[in-house]
Amino acid sequence: MRCVLRRDVSPIRRVAVIQLNSGNNPQANLEATHKLLVEASYKNPDVIVLPEYSNYMGHIETFTEAAAERGGSWFTMLSSFAGENKLEIIAGLLVEHSREKAVSLACHFRKDGGYGLEYQKIHLFDVDIPGGVSFRESSRLAAGDHPAIGEISGILSGLAICYDLRFPELFRRLTLRGVKVIYLPAAFTAVTGRLHWQVLLQARAIENQVYIVAANQVGNYLKNKSSYGHSMIVDPRGKIIAEARGPENVTPENGKGGQVISAEVDLDELAAVRRDMPCLEHIRSDLWQDDRENLEALDKRSWL
């Protein structure tokens, strides 16, 4: 006789990822997002994840004036939707912070409509390539300084945002503190995404034996600026178990790339992965002491 577990104690959770093509009109973005939240809810998810900058993708110089107010329309809509549908939402939002700077947050809305975890993006995307891309998030964003860990749908989980994906030490720290799922809102660029998005997501999942749930922006948002799409859910073995389309498939007919994907997070499967390949038990922590002094003494350009 098969034992059927109640939903709240089941080792399986269903997660849905919404891929967006947000622009510079917060109200239009809100309406498009709400429509896709309704579509996602039909998949009966426990958690829905939205990309970074869901509320605003525009010129970085306009970030502070376009940032969402806490308690404003975006926070109200997401809180109400989570509470009314008894599910949890992780949303990447541009949020007000000070007169000079905004913040990129991963915001957690609980199924009771309350506000849960909050993560402020630690690693800011500052790139200056001669004759190429120049983008400095630090000119308009304030960086965070600590990880975010807590229960999301009853599973100890961690949060990261976009450029954080390139810093494995953050993901390892989350893992060593017990997380089994890491949620990643992102606005990963099309140029770097073609080379690095998939391989980095799979690497972070494999090396930490966790589920990675990554929601990305997709398509053009400014002239000559485009996001990569290909939102993914990756299992602890590194297998892509759900994937959205890329910018090459963005058309007015498909809602400019708006799409919902979903998959199951299975804690029994995660336990089996860690049992079969016990990498986390083999970490030589005795060899890896705190290298902060070495890092502070390092000439940051010495390796070029």
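The values are calculated or read from the model by the stated rules, or taken from the named source; none is laboratory data. On a predicted model such as this, the values are computed, not experimentally measured, just so you know. Neighbour counts are summed over all protein chains in view; Cβ atoms, including those assigned to glycine, are modelled from backbone coordinates with ideal geometry.
Scanning the range 116-148 for residues that are of a type outside the set (A, V, I, L, M), over 17 Å from the mean Cα position of the chain (by Cα) and part of a strand (DSSP E or B) returns Asp126, Asp128, Ser134, Phe135, Arg136. Here Thr64 passes the criteria (1) in contact (Cβ under 8 Å) with a residue 60 or more places away in the chain; (2) more than 18 Å from the chain's Cα centre (by Cα); (3) more than 26 Å from Lys225 (Cα to Cα) except the one numbered (3). When restricted to residues that are touching a residue at least 40 places away in the same chain (Cβ under 8 Å) and either surrounded by fewer than 21 Cβ atoms within 10 Å (Cβ to Cβ) or within 9 Å of the chain's Cα centre (by Cα) (or both), the range 149-164 contains 8. Of the residues making up the range 202-243, those that are more than 16 Å from the chain's Cα centre (by Cα), at pLDDT 95 or above and either at positive phi or crowded, with 21+ Cβ neighbours inside 10 Å (or both) are Asn208, Gln209, Pro236, Gly238. Of all residues assigned to the range 258-281, at least one qualifies as being under 26 Å from Leu37 (Cα atoms), modelled with pLDDT under 95 and surrounded by fewer than 22 Cβ atoms within 10 Å (Cβ to Cβ).
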